[in-house]
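What follows is a single structure, written as structure tokens, with notes after it.
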Amino acid sequence: MNDCDTMVIGAGLAGLTAARTLVKAGQRVMVLEARDRVAGRNLGAYLSNGVPVEMGGQWIGHTQTAVLALIDELGLETFSTYDSGDAVTLYRGAVTRYSDETFGLTDIAAIEVGRLQALLETLAETVSLSSPWTSAQAEEFDRQTLDEWLRANTGSREALDFWAAVVPALFSAQPAEMSLLHFLFYIKSGGMIDSLVATTGGAQEFRVAGGTHQISERMASQLGSGVVRLSTPVHTISHDHQRVRVSFDNGNLTASRAIVAIPPTLAGRLRYQPALPGSRDGLTQQIPMGSVIKVQVAYPTPFWRDAGLNGFAFNLDDELSITLDNSPADASCGVLVGFFEGAHARTAASWTLQERRQSALSTLIKLFGPAAAQPSDYLEHDWMAEEYTRGCYGGRLGAGVWTQYGEALATPIGRLHWASAETSDVWNGYMDGAVRAGYRVAAEVLASGHENE
């Protein structure tokens, strides 16, 4: 007899959502997690005054209904991200304050950015979310990078500089590092560009009181004692027509089926016996994770609010490219969250902690004034350095990958099933996408029955 019905590898949102669903359906489930904690790309931390902050994924939008429903089921609460006042943009040494949708660009550049956005969204409407590789113009879109398309469609330096900053803010990668098809699929998956970049009404609208890591912690707790095994990095998955054997240091377990609920690039680093088909292996070799270092900078008060600023800053000049107000709901202190992303993150990763701190503070002083020079706390987390993540926010597909390998992304192989935020066709790469992937793969496993148990 097998040790369980379904083995889940990975105790992030996708894996735990799947496990929770299967347990409710009466299955015997075990979850193996390489880290010494659950929650995957969600990670909680505390400032010196005890205020919780998130070093991983944290925001939720009102259209992200799957994760919002789960939060409600688990008894957690959300609150609105602070968004009252003006935003600022730093470009070519000048700080521009604005309260409209121009991102502080010149009138001509704002019009050009809007024109390009409309063109991109018109193209995105033609992309199939369930199977992007079957879209009418899939081959054309996939053979070029987003950067190539942008350069072919505008000669505006300011507009190109805008996209060169906003794309890393969404992907933690450069426009040259993804295919046009992937970009179009992704923006459609999240409700188009305005939805992705906006705070109120967009993807950054809400935060979870106490931190998003609690979503996974509560799901793991509900599964009961012994179901989730931490510090158990899987290295080999053996599979045949009867069962799956999952091996790790000092042990192995068997199950009828296995769900590999980790990012595709990590799934590709496991050993499979027999080896997986070339289409799956080729896919996992070509979905690198994004590059990001997240920082939380705390102050005694959210002083920028006194100046009528909402804390959102868009920086086209320096390595710290985006900031938002991340203060607690009661404003008991001030917190600015910022990001080194894409190429900037790879550069900053070679610096010392002190050098990154100085770079971040130098930027914040430019954006918010001299009061930013004396923080009470500086916290950072380099997701590229995490052995069992290797980057954030998610995996991306470069030129040619969707059309050549996309079908292998979520297609089961025998008794092996795949789940991660990268496999969702709605809110791909986000927490909501991870939850949806967990529900999808659980339904897939249940539909497969319990053959040969």
- Item | Tally, over segment 262-281, of residues that are more than 24 Å from residue 5 (Cβ to Cβ), open to solvent by 20 Å² or more (accessible area, probe 1.4 Å) and not in a helix (DSSP H, G or I) | 4
- Note on the structure: Within segment 101-120, the count of residues that are open to solvent by 40 Å² or more (accessible area, probe 1.4 Å) and either among the acidic types (Asp, Glu) or more than 21 Å from residue 313 (Cα to Cα) (or both) comes to 5
- Task: Identify all residues within segment 435-453 that are open to solvent by 10 Å² or more (accessible area, probe 1.4 Å) and outside any loop (DSSP other than H, G, I, E, B); write none if there are none.
- Result: 436, 439, 440, 443, 444, 446, 447, 448
- Top-ranked residue in segment 73-99 [being out of contact with any strand residue (DSSP E or B) (no Cβ under 9 Å at 6 or more places or on another chain) and closer than 29 Å to residue 388 by Cα; ranked as least open to solvent (accessible area, probe 1.4 Å)]: 74
- In segment 406-432, which residues are among the hydroxyl-bearing types (Ser, Thr, Tyr) and either part of a loop (DSSP other than H, G, I, E, B) or surrounded by fewer than 22 Cβ atoms within 10 Å (Cβ to Cβ) (or both)? 411, 420, 424, 430
- Query: Counting only residues that are assigned to a helix (DSSP H, G or I) and of a type in the set (Ser, Thr, Tyr), which one in segment 215-261 is surrounded by the fewest Cβ atoms within 10 Å (Cβ to Cβ)?
  - Reply: 221
- Message: Looking only at segment 119-131, how many residues end up being in contact with a helix residue (DSSP H, G or I) (Cβ under 8 Å, 6 or more places away or on another chain) and assigned to a helix (DSSP H, G or I)?
- Response: 5
- With criteria (1) closer than 30 Å to residue 104 by Cβ; (2) out of contact with any His (no Cβ under 6 Å at 6 or more places or on another chain), residue 205 comes up short on (2)
- Note on the structure: A careful count of residues in segment 347-377 that are buried (at least 17 other Cβ atoms within 10 Å of the Cβ) and under 23 Å from the mean Cα position of the chain (by Cα) gives 3
- Looking at this structure, is residue 383 in contact with a Cys (Cβ under 8 Å, 6 or more places away or on another chain), surrounded by 15 or more Cβ atoms within 10 Å (Cβ to Cβ), modelled with pLDDT of 95 or more and among the hydrophobic types (A, V, I, L, M, F, W, C)? yes
- Query: (1) surrounded by fewer than 21 Cβ atoms within 10 Å (Cβ to Cβ); (2) not in a loop (DSSP other than H, G, I, E, B): which one isn't true of residue 2, the others all being true?
  - Reply: (2)
- Message: open to solvent by less than 20 Å² (accessible area, probe 1.4 Å) and either modelled with pLDDT of 95 or more or more than 26 Å from residue 83 (Cα to Cα) (or both): is that true of residue 325 in this structure?
- Response: yes
- Query: What residue, of 368, 340, is farther than 30 Å from residue 140 by Cα, in contact with a helix residue (DSSP H, G or I) (Cβ under 7 Å, 6 or more places away or on another chain) and without any contact (Cβ under 8 Å) to a residue 60 or more places away in the chain?
  - Reply: 340
- Item | Residue that is farthest from residue 329 (Cα to Cα), among those in segment 5-33 that are surrounded by fewer than 21 Cβ atoms within 10 Å (Cβ to Cβ) and among the small types (Gly, Ala, Ser) | 26
- Message: For segment 88-118, give me each residue that is part of a strand (DSSP E or B), of a type outside the set (A, V, I, L, M) and farther than 27 Å from residue 329 by Cβ.
- Response: 91, 96
- Taking first residues from segment 375-392 that are touching a residue at least 40 places away in the same chain (Cβ under 8 Å) and within 17 Å of residue 359 (Cβ to Cβ) and second residues anywhere that are hydroxyl-bearing (Ser, Thr, Tyr) and surrounded by fewer than 17 Cβ atoms within 10 Å (Cβ to Cβ), the pairs with Cβ under 8 Å that are 6 or more apart or on different chains are 377/48
- For segment 386-405, how many residues meet the condition of being surrounded by fewer than 21 Cβ atoms within 10 Å (Cβ to Cβ) and in contact with a Ser or Thr (Cβ under 8 Å, 6 or more places away or on another chain)? 3
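The values are calculated or read from the model by the stated rules, or taken from the named source; none is laboratory data. Quick caveat, the model's predicted, so the values are computed rather than measured. Here Cβ is always computed from backbone atoms with ideal geometry, including for glycine, and neighbour counts include all displayed protein chains. Ligands, DNA and RNA are excluded from the accessible area calculation, which covers all protein heavy atoms including side chains. Shrake-Rupley method; radii C 1.70, N 1.55, O 1.52, S 1.80 Å.
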